[in-house]
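Written out below as C-alpha cells is the structure these notes cover.
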Amino acid sequence: MAAITDAEAARFLLRAKFGATDADIAAVKAQGYAGWLDAQVKSARGQSGAAWLDSQGHNAITKEAEYFNPTAGDFMIWNQLLAQPDEMRQRCAFSLSQFFVVSLNPIDGYWPPYIMAAWWNILLDEAFGNFRTLLERVTLNAGMGMYLNTKGNLKEDPKTGRAPDENYAREIMQLFTIGLYQLNPDGTEKKDTAGKPIETYVQADVTSLANVFTGYDHDMSRVKFLRVAWQNFPVVTAEFTSDPMRLEAKNHSSREVNFLGLTIPKGTPAPDQLKLALDHLFAHPNVGPFFCRQMIQRMVTSNPSPAYVKRVADVFADNGQGVRGDLKSVWRAILLDPEALAPADPGDSMSGKLREPVQRILSWARTVGVDPGDGKYKIYNLSREDTGIGQSPLRSASVFNFFRPGYVPPHTAIAKAGKQAPEFQITNETSVAGYINFLQTALRFGNWQFKPTYLALKPIAHDPAAVVDWFNLHLTANQLSPATVTLIATALASKGITPAGDDKDKLDMIASACLLVMSAPEYLVQK
C-alpha cells in the first residue's frame with residue numbers, strides 16, 4: 001500500500017474529527033487509516049458535560065435562579081466540542097445529534113443545561129456502541145421526553161376523549177429509524193407498479209404505536225426538594241436530568257398495539273411492550289440504509305452513490321461478527337470506503353459537501369489552537385444569520401435538524417443535476433455575509449473569552465506563501481486551486497511583514513490569510 005501523504009491524512013482527519021494538526025497528520029501516516037480509527041475508538045473519554053458544568057459552578061442554587069437559565073447549555077456544548085480530547089467521538093456524536101435531534105431552544109423548567117449535558121452524554125456513550133441501545137436511551141432520555149412529549153404522556157381516557165400523544169411515535173419512525181418511504185438496501189426508494197414511492201407506515205401505525213410511549217415521566221426518586229427564601233416553591237436538584245424516565249404503570253395504556261405488522265397483545269407489561277416495539281423498529285430493513293446514508297452525508301459527501309450506501313448499510317446489518325447496528329463499524333465503513341478515499345476530482349463541481357458553519361469554526365479552532373482564557377467558554381447561541389454564523393450546536397430550530405437530508409437548492413445547477421445539498425438550506429445572502437463578518441473578529445481576536453494562538457504559524461508569519469500553504473494543507477487538505485493560492489499569497493505580500501516585524505502585524509497577516517482561505521469556495525466545499 002502506498003504511503004499516506006500529508007494531504008491525504010489531512011483530508012481523512014477533516015472528516016473523522018474536526019481539526020487536522022501536525023500531530024494528527026503524523027499519527028495517521030504512522031498508524032494508517034484503520035489503525036488510527038482503532039486508536040480513537042479505544043481512546044479515553046473527556047470530561048462529561050455535567051461534570052464541566054459542576055466545575056464552573058453552574059449547579060449553584062442561589063437567588064439568581066440560574067437553574068432556570070438555559071444559556072450555560074451553550075457554554076457546555078462548545079466546551080465539549082472545542083476542548084475535550086475524545087475528538088472523533090465528539091465528531092460522531094455531533095453527527096448523531098443531527099439525526100436524533102433534541103434542541104435546547106424549547107427546553108425550560110429546572111436545569112436546562114444539565115438536560116442537554118445528559119443528552120450529549122448519551123450520544124457520546126453510544127457513539128461507538130450499538131444503534132439499538134442508543135435508540136432505547138434516546139427514547140427514555142429526560143430531554144427527549146420534554147422535546148417530543150413523551151414526558152407525562154397519558155393513556156387514553158374514553159370519558160374525556162383523551163388519546164395518547166402521537167408526537168414521539170411519529171418521529172421515531174419518520175426521523176429516527178425507517179423514514180417515510182420503503183428503501184432498497186442501497187438507499188434508493190422502492191416504487192409501486194405506478195412508479196410511486198411506497199410509504200413505510202400509515203396513520204394507524206402511529207396511533208397504535210403511541211400507546212407504547214405512555215406512562216413515562218421524569219424520574220424524581222433521587223431528587224431533593226429544597227426550600228429557599230427567594231421563591232415560594234421548592235428548588236429541585238438535577239438528578240432527574242440524567243436518569244432515564246420512569247414508568248408510572250397507572251398512566252400506561254394496556255391496549256393491544258398493532259404497527260408495521262407487529263401485534264403486541266393487550267396487557268403486555270410496559271417494559272416488555274417497549275422492548276418489542278424498539279426491537280421491531282431496529283430490525284426493519286429500512287434502518288440501515290436510512291441511517292447510514294445520512295451519516296455519510298454528515299461525514300463525507302452529500303450525494304453518496306447507491307453502491308456506497310449499500311456497502312455501509314451492509315455493515316450496519318452485520319459487522320462481520322453477526323452483530324447488527326454496531327456503530328463503530330459503521331463509522332469505519334463510512335470513512336474507509338473506496339468512494340471516500342478516492343482522490344477528489346477537481347473537475348466534478350457536484351462532489352463533496354458544503355461545510356456547515358459549526359464544522360468550519362470547530363475545524364479552525366481545533367487546528368490553529370485556542371487559548372480558553374478563564375475556561376468558562378462563554379460562547380453564546382450563534383444561530384442568528386446576521387450576527388452569528390447561522391448555526392449553533394444543539395440549537396436546531398426543529399426536530400427536522402438544521403437542514404433536511406434531501407434538500408435541493410431551487411433554481412441551481414445542483415437542482416438541474418438532480419443532486420442534493422443539505423447544508424445549503426441554511427445558506428443565503430445574509431448568512432454568507434454574517435459568517436464573513438463573524439470571522440473578521442473571531443479569527444484575529446477570538447470570540448468572547450477565547451483567542452486563537454496560531455502557535456505553528458507565528459514562526460513563518462513573515463512568509464505569506466508559507467502561511468497560505470499551511471492553511472491550505474491543514475484546513476482544506478490542499479484543495480485550494482493554484483490560482484487561489486497565488487491570489488491570496490500575493491495580496492498578503494503587500495503587507496511587507498519581515499522576520500523582525502511586530503507581533504501584532506504578524507497576527508494581522510495570519511488572520512487575514514485565514515479569513516481569505518475560509519471564505520474561498522474550495523474551502524467551503526469539502527471534497
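The values are calculated or read from the model by the stated rules, or taken from the named source; none is laboratory data. Note that the structure is a prediction, hence the values are computed from the model and not measured. Cβ: placed from backbone, ideal geometry, glycine included. Neighbour counts: every protein chain shown. The area values use the complete protein model at the heavy-atom level, side chains included, leaving out ligands, DNA and RNA. Shrake-Rupley method; radii C 1.70, N 1.55, O 1.52, S 1.80 Å.
Return the residue satisfying two criteria in turn: it lies in region 294-342 and is small (Gly, Ala, Ser) and under 20 Å from Phe100 (Cα atoms), and of such residues it is most open to solvent (accessible area, probe 1.4 Å). Checked region 294-342; the qualifying residue most open to solvent (accessible area, probe 1.4 Å) is Ala317. The condition of being at negative phi and part of a loop (DSSP other than H, G, I, E, B) holds for only one of Pro459, Pro499, that being Pro499. List the residue pairs whose Cβ atoms are under 6 Å apart, where the first residue sits in region 375-389 and is free of Cβ contacts under 8 Å to residues at least 60 places away in the same chain, the second is of a type in the set (Gly, Ala, Ser) and assigned to a loop (DSSP other than H, G, I, E, B), and the two are 6 or more positions apart or on different chains. So the pair list comes out as Leu382/Gly388; Leu382/Ser392; Ser383/Ser392.
Taken as a whole, the condition of being free of Cβ contacts under 8 Å to residues at least 60 places away in the same chain and in a loop (DSSP other than H, G, I, E, B) does not apply to Tyr454.
Flag: Leu492 does not match the condition of being open to solvent by 10 Å² or more (accessible area, probe 1.4 Å) and either farther than 30 Å from Lys378 by Cα or under 27 Å from the mean Cα position of the chain (by Cα) (or both). The set of residues from region 502-527 being open to solvent by less than 30 Å² (accessible area, probe 1.4 Å) and assigned to a strand (DSSP E or B) comprises just one member, Gln526.
Of all the criteria given as (1) more than 30 Å from Glu66 (Cα to Cα); (2) in a loop (DSSP other than H, G, I, E, B); (3) open to solvent by 30 Å² or more (accessible area, probe 1.4 Å); (4) touching a helix residue (DSSP H, G or I) at 6+ places or on another chain (Cβ under 8 Å), the one not satisfied by Glu136 is (2). Return the only residue of Thr484, Thr476 being touching an Asp or Glu at 6+ places or on another chain (Cβ under 8 Å), open to solvent by 20 Å² or more (accessible area, probe 1.4 Å) and closer than 23 Å to Ile361 by Cα. Every option except Thr484 fails the conditions.
For region 319-345, a residue qualifies if it is in contact with a Lys or Arg (Cβ under 8 Å, 6 or more places away or on another chain) and within 12 Å of Glu8 (Cα to Cα), and the qualifying residues are Ala340, Ala344. Within the bounds of region 149-160, is there any residue that is modelled with pLDDT of 95 or more, under 18 Å from Asn401 (Cα atoms) and open to solvent by less than 50 Å² (accessible area, probe 1.4 Å)? Scanning region 149-160, I find no residue that is modelled with pLDDT of 95 or more, under 18 Å from Asn401 (Cα atoms) and open to solvent by less than 50 Å² (accessible area, probe 1.4 Å), so the answer is no. Of note, Thr188 satisfies the criterion of being hydroxyl-bearing (Ser, Thr, Tyr), out of contact with any strand residue (DSSP E or B) (no Cβ under 6 Å at 6 or more places or on another chain) and either more than 19 Å from Asn251 (Cα to Cα) or open to solvent by 30 Å² or more (accessible area, probe 1.4 Å) (or both).
Residues that are open to solvent by 40 Å² or more (accessible area, probe 1.4 Å), assigned to a helix (DSSP H, G or I), at pLDDT 95 or above and touching a helix residue (DSSP H, G or I) at 6+ places or on another chain (Cβ under 9 Å) are absent from region 263-274. Reported count of residues in region 55-98, each being within 26 Å of Gln297 (Cα to Cα), surrounded by fewer than 18 Cβ atoms within 10 Å (Cβ to Cβ) and either free of Cβ contacts under 8 Å to residues at least 12 places away in the same chain or under 16 Å from the mean Cα position of the chain (by Cα) (or both), is 1. Residue count for region 404-420 satisfying the condition of being without any contact (Cβ under 8 Å) to a residue 40 or more places away in the chain and in a loop (DSSP other than H, G, I, E, B): 9.
Apart from one condition, Leu457 fits all of (1) touching a Ser or Thr at 6+ places or on another chain (Cβ under 6 Å); (2) open to solvent by less than 20 Å² (accessible area, probe 1.4 Å); the exception is (1). The set of residues in region 323-344 that are touching a residue at least 12 places away in the same chain (Cβ under 8 Å) and not hydrophobic (A, V, I, L, M, F, W, C) comprises Arg324, Gly325, Asp326, Lys328, Ser329, Arg332, Asp337, Glu339.
Per-residue answers, yes or no, for (1) open to solvent by less than 50 Å² (accessible area, probe 1.4 Å); (2) assigned to a loop (DSSP other than H, G, I, E, B); (3) aliphatic (A, V, I, L, M); (4) in contact (Cβ under 8 Å) with a residue 40 or more places away in the chain:
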position	(1), (2), (3), (4)
Tyr201	yes, yes, no, yes
Asp205	yes, no, no, yes
Val212	yes, no, yes, yes
Arg222	no, yes, no, no
Trp230	no, yes, no, yes
Phe233	no, yes, no, no
Phe240	yes, no, no, yes
